[in-house]
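**Q** The following block contains the structure, expressed as structure tokens.
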Amino acid sequence: MGTTASVHVNDSVTRCEFDSVVSELRLELNRLEEIFSVYRETSEISRINAGTLHHLDASPEVFAVLDACSWLEQASNGAFSIRRSRTESAINPSGFVKGWAGERSASILSNAGFTHFYLGIGGDFVLRGGLTESEPWSIGIADPRDATQLVATVDVVDGAIATSGSAERGAHIWDPRTGAPADEFLSVTVIGPSLAWADAYATTVFVMGEPGLEWITQFGQYDVMPVRRSD
């Protein structure tokens, strides 16, 4: 998905147990990459775009992701879209699927009995159990103007943190309503129970700009922290 993933566990497990679970997690991420990557000609998304696969004949995962993206596009009045512009026919659900894949893969760690862990994917995090029973995970939010500095730290026991912005990859988030890059904010971080939705909401608010800060309040379990160009 064009990024890196890491696993951090603070449980009493053997190296063999850890490696086995991480291997399973890696296989699942690779499997989802094979389905959703827009960089692989053989992926289901690429085949849908090429017209060689109808989306109704795709994997159940594709149908679930496209259904969620369709809902969010309507809920955001088009600020979120799997198409780069209104005239674009090709689909790219990366704005939703990275967080969704991370959350789905993190369940492998929970199912293996790990209780204190986090999974990081491209600067987004699924966190479980805190560092210990009495201490939350403390995650730093990088300053989009200087990645060696932090703009804030967030303490989370169970939940997710997602950040959208242009610091690492430049202007890669487009406003599908105009076809132009979104640039009102430098970054938007969303904290909430689900990484799939925290990631999608962060992208949506980044595109919306200031109106997005009011828009996201309808989702009461999610908090937002923007970094403005004037901050």
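Every read-out reported here was derived from the displayed coordinates using simple, explicitly stated rules and does not represent laboratory data. Keep in mind that this is a model prediction, so the values were computed, not measured. Neighbour counts run over all protein chains shown; Cβ positions are idealised from the backbone, glycine included.
**Q** Within the set of other residues whose C-beta is less than 10 Å from the C-beta of residue 231, count the net charge using Lys and Arg as +1 and Asp and Glu as -1.
**A** Combined, the nearby Lys, Arg, Asp and Glu give +2.
**Q** Turning to a different aspect of this structure: Distance from the Cα centre of the range 176-231 to that of the range 1-79, in angstrom?
**A** The distance from the Cα centre of the range 176-231 to that of the range 1-79 comes to 22 Å.
**Q** Identify, among 78, 90, 6, the residue whose Cα sits farthest towards the positive end of the charge dipole of the chain, taking +1 on the Cβ of Lys and Arg and -1 on the Cβ of Asp and Glu, with the dipole about the Cα centre.
**A** Highest projection toward the positive end goes to 90.
**Q** In the range 1-43, which chymotrypsin sites (Phe, Trp or Tyr not before Pro) fall in coil by DSSP and have 12 or fewer other Cβ atoms within 10 Å? Don't jump to the answer; show the numbers that get you there.
**A** Working: sites: 18, 36, 39; in loops: 39.
Answer in residue order: 39.
**Q** If you take every residue apart from residue 176 with its C-beta less than 13 Å away from the C-beta of residue 176, what net charge results, scoring Lys and Arg +1 and Asp and Glu -1?
**A** Working: positive: 83, 84, 86, 177; negative: 73, 88, 175.
Every neighbour counted, the sum reads +1.
**Q** For the chain, just the Cα set please: Rg and Dmax, both in angstrom.
**A** Here Rg and the maximum Cα pair distance are 17.7, 53 Å.
**Q** Tell me the mean residue ellipticity at 222 nm calculated for the chain from its helices only (DSSP H runs of n ≥ 4, each -39500 (n - 2.57), averaged over every residue, nearest 500). Don't skip to the end; give the middle numbers.
**A** Working: 6 runs with 83 residues, N = 231.
The helix contribution divided over the chain gives -11500 deg cm²/dmol.
**Q** Name the GluC sites (Glu not before Pro) in the range 122-227 that are in a loop by DSSP and that have at most 13 other C-beta atoms within 10 Å, would you? Each step should come with its number before you reach the end.
**A** Working: sites: 133, 168, 184, 214; in loops: 133, 168, 184.
Counting only loop positions with at most 13 other Cβ atoms within 10 Å, the GluC sites (Glu not before Pro) in the range 122-227 are 133.
**Q** Tell me, which longest segment in the chain has none of the trypsin sites (Lys or Arg not before Pro) that fall in DSSP loops with at most 13 further Cβ atoms within 10 Å? Show your work: numbers first, answer last.
**A** Numbers: sites that count: 86, 145, 169, 229.
That would be 1-85.
**Q** Next question, about the same structure. What FRET efficiency do you get for residue 10 and residue 111 if R0 is 22 Å and r is their Cβ-Cβ distance, rounded to the nearest 0.05? Before the final figure, lay out the partial values.
**A** Numbers: r = 18 Å, r/R0 = 0.80.
So, using R0 = 22 Å, E works out to roughly 0.80.
**Q** Counting other C-beta atoms within 10 Å, and keeping those with at most 14, which DSSP coil GluC sites (Glu not before Pro) do you find in the range 1-69?
**A** Sites meeting the loop and neighbour criteria: 41.
**Q** Along the charge dipole of the chain, which of 221, 159, 147 sits closest to the positive end, that is, farthest toward it, with unit charges on the beta carbon of Lys, Arg, Asp and Glu (+1, +1, -1, -1)?
**A** Final value for the positive-end residue is 147.
**Q** Further question on the same structure: Springs between alpha-carbon atoms under 10 Å, Gaussian network over the chain: tell me which of 130, 159, 113 tops the mean-square fluctuations.
**A** 113
**Q** Further, regarding this structure: Report, in debye and to the nearest 20, how large the dipole of the chain comes out about its Cα centre when Lys and Arg carry +1 and Asp and Glu carry -1 on their Cβ.
**A** On the way: 16 positive and 31 negative charges, 116 e Å.
Dipole of the chain, to the nearest 20 debye: 560 debye.
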